[in-house]
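Contents: one structure, followed by commentary.
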Amino acid sequence: MKRFGALVFLILLAAGAIAARSQSVPAATARQFSITAGGMASIFQPDYAGMWGGKECQPTSLPEVCYPVAQSSSQPLFGAGAYVDVKLTRWVQIEAEGRWQRFNRFDGIYQDNYLIGPRVPIFHFRRSSVYAKALAGYSKMYFDPYGDHGKFTALAFGGGMDVKLTKRLSFRAVDVEYQYWPLWGNSTVSPYGASMGFGYKIF
């Protein structure tokens, strides 16, 4: 969480520098730049239900001979998150997000995500804006109640819709995300889920 906070701070710092430079350009161009920060609630299928496998894996085996096995869980994870959207131009946008999925755990399993990448507006209708995104970063996962955990590269693809409520306040009506962790144990895992929240336009 501290690393995500540092990342957000760096984004805001860089954005502030860009905003200061943009004051000398025509007003029509300057208006395109904005920063929106928000919070969200999420529900995710972790794609893991506590199963371990391996040729020599037994209940009493050491962790080195066992590896986690991807499997849909009957208990989705609930969590809270935060995001920052930086709009440089209409088509050049960046999104950073952190998500901490700590509730409704099954057998001590939970996941945290720290991702950043491009966001592309697809369609505008009145106060609504539909977007797509492709993010990359890393995720942390706890596998059981005993503290076994790991940090993994994560890719995420998705999109959603923001609805403008006031000049500064927006409602993130839906944000869906499909993740792909390419190096997870001896396999891969693909968590997926949806989020909803509110954003506030800082600049």
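Derivation of every value follows stated rules applied to the coordinates shown; laboratory data play no part. Here the structure is a predicted model, which means the values were calculated and not measured. In this analysis, Cβ positions are derived from the backbone assuming ideal geometry, glycine residues included, and neighbour counts consider all displayed protein chains.
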Task: Among the listed pairs LYS87/LYS133; LYS164/LYS201; LYS133/LYS167, those beyond 21 Å (Cα-Cα) - done: LYS133/LYS167
Task: Estimated inter-spin distance, LEU88 and LYS140, nm [label 7 Å along Cα→Cβ] - done: 3.0
Task: Positive-end residue of TYR142, GLY117, SER129, charge dipole of segment 81-161 with Cβ unit charges - done: SER129
